[in-house]
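This report refers to the structure that appears directly beneath it.
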Amino acid sequence: MMTSIFLPVLVNCLCTFQVYAMVVFDNLEVRYTSKKNQPCRWWVRTFLRFFYGGLAFFLSVTFPFLGRQAPLVGGAWTLADNGLKANFYKP
């Protein structure tokens with residue numbers, strides 16, 4: 001019974017990860033092609049995707065509290081950004 005619930009959830013998570021991480025995959029491929037001056041091969045593309053997926057999984061398991069600290073970091077960045085704008089854009 002539990003397997004029939006968890007299996008579609010797992011498939012959904014794996015499929016949506018590919019969609020939402022597409023920007024990162026494209027950036028990794030652009031960096032590779034600009035350094036090597038040749039097209040990215042399929043096995044390099046697969047390695048980059050496995051590497052990024054493993055890194056994201058490792059960080060999410062190692063630091064599960066980072067999601068709850070996002071508002072704090074965002075608020076601190078807003079304050080710092082407003083302070084920088086006030087100092088640099090004075091007439």
Q: Give 48, 7 a once-over and let me know the one that is under 19 Å from the mean Cα position of the chain (by Cα) and at pLDDT 75 or above.
A: 48
Q.
The conditions are (1) in a helix (DSSP H, G or I); (2) loosely packed, with under 10 Cβ neighbours inside 10 Å, and residue 38 fails exactly one of them. Which is it?
A. (1)
Q: Kindly indicate the residue of the stretch 52-73 that is surrounded by fewer than 10 Cβ atoms within 10 Å (Cβ to Cβ) and either under 14 Å from the mean Cα position of the chain (by Cα) or within 28 Å of residue 14 (Cα to Cα) (or both) and also modelled with the lowest pLDDT among those meeting that condition.
A: 67
Q. List the pairs whose first member sits in the stretch 58-86 and is part of a helix (DSSP H, G or I), whose second member is modelled with pLDDT of 80 or more, and whose Cβ atoms are under 9 Å apart, counting only residues at least 6 apart or on separate chains?
A. 66/59
Q.
Suppose we filter the stretch 11-21 for residues that are in a helix (DSSP H, G or I) and surrounded by 11 or more Cβ atoms within 10 Å (Cβ to Cβ); how many remain?
A. 2
Q. So how many residues does the stretch 10-50 have that are touching an Asp or Glu at 6+ places or on another chain (Cβ under 7 Å) and over 23 Å from residue 60 (Cα atoms)?
A. 1
Q) What about residue 33, is it surrounded by 11 or more Cβ atoms within 10 Å (Cβ to Cβ) and either among the small types (Gly, Ala, Ser) or over 19 Å from the mean Cα position of the chain (by Cα) (or both)? A) yes
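The values are calculated or read from the model by the stated rules, or taken from the named source; none is laboratory data. Because the structure is a prediction, the values reported are computed rather than measured. All Cβ positions, even for glycine, are placed from backbone atoms using ideal geometry, and neighbour counts span all protein chains on display.
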